[in-house]
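The values are calculated or read from the model by the stated rules, or taken from the named source; none is laboratory data. These numbers were taken from a predicted model, which means no experiment stands behind them. Glycine gets a Cβ as well: all are built from the backbone with ideal geometry, and neighbour counts include every protein chain shown.
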Amino acid sequence: MIGACVAVFFLVQTDEVYFYEAASIPCEVTTGEPLSPGEIGGAPCSRNDAPPAFPEKNVWWSIVFSLFLHGGLLHLLSNMWVLLIFGNNVEDSFGHIPYLIFYVLAGLAASAAHFFIHPESTVPVVGASGAIAGVMGAYAILFPRARVTAVIPPFFFWPLVLPAMLFLLIWFGSQFLLAGGETLIAWEAHVAGFVFGFIGALVLRNRLRDHSTVTEVSYPVGRYYR
């Protein structure tokens, strides 16, 4: 996952216009058609006869591809760092291929929640945060006794060691602080991804490998954009 996201960021992505060409957009999912130039320019989402700006775009494939796109280097680094910390243990429990499937499904669940709440949005949705939130939700179930070392900016010299479950619940609750505000962070997708991962791991727990003896990981607290 990390290698794929890094490769896409440095080798495939070009500029912000590329997001309209390749990323998922709620309005496109609602209408089943790529945006028109007018909609990209700010016109409301609508079903019209205007030719699409990118007629060859596959609206449905873009939903999956968006999980590997990122809005900037900081966005990429923060997401990949969290995935590195939590993802390896969850992947060990699932196995490589089942983990890949679980990761993508969590991302799709997160995207679906965002599309449902913002069906007419013409803003591209990019980032792995929803899928990673699913990994975090699974971690809460699979490693409830683990502890995390959290570094809270700007207090970099005073790391806190917290129970993983407490930290993840704090992170989950903090997403609701973004509700109702003017933000480009798709907090609903984060919540949906986490819930999917939590419930999914709960259902599958008895079939997964037992690595619940993991006791401590390190984690830098920050914001994760989608």
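Annotations for the structure displayed:
- When residue 226 is tested against (1) surrounded by 20 or more Cβ atoms within 10 Å (Cβ to Cβ); (2) under 15 Å from the mean Cα position of the chain (by Cα); (3) at pLDDT 80 or above, just one condition goes unmet, and that condition is (3).
- Residue among 133, 128, 106 that is farther than 13 Å from residue 1 by Cβ, aliphatic (A, V, I, L, M) and touching a residue at least 40 places away in the same chain (Cβ under 8 Å): 133
- Residue satisfying all of: in the range 15-39; of a type in the set (Gly, Ala, Ser) and over 21 Å from residue 112 (Cα atoms); surrounded by the fewest Cβ atoms within 10 Å (Cβ to Cβ) among these: 38
- Qualifying residue in the range 125-144 (condition: out of contact with any strand residue (DSSP E or B) (no Cβ under 9 Å at 6 or more places or on another chain), surrounded by 20 or more Cβ atoms within 10 Å (Cβ to Cβ) and not in a helix (DSSP H, G or I)): yes
- Hey, residue 66 within 28 Å of residue 137 (Cβ to Cβ), of a type in the set (S, T, N, Q), touching a helix residue (DSSP H, G or I) at 6+ places or on another chain (Cβ under 6 Å) and buried (at least 20 other Cβ atoms within 10 Å of the Cβ) or not: no
- The set of residues in the range 94-127 that are in contact with a Phe, Trp or Tyr (Cβ under 8 Å, 6 or more places away or on another chain), more than 10 Å from residue 189 (Cα to Cα) and of a type in the set (Gly, Ala, Ser) contains only 127.
- Residue match in the range 81-98 (condition: over 21 Å from residue 2 (Cα atoms), at pLDDT below 95 and among the aromatic types (Phe, Trp, Tyr)): no
- Applying a threshold of 6 Å to beta carbon distances and a minimum spacing of six or more residues, or different chains, the list of pairs starting in the range 7-34 at a residue that is closer than 14 Å to residue 111 by Cβ and ending at one that is modelled with pLDDT of 90 or more and of a type in the set (Asp, Glu) reads 27/120.
- Residue within the range 155-167 that is in a helix (DSSP H, G or I) and either modelled with pLDDT of 90 or more or under 30 Å from residue 41 (Cβ atoms) (or both) present: no
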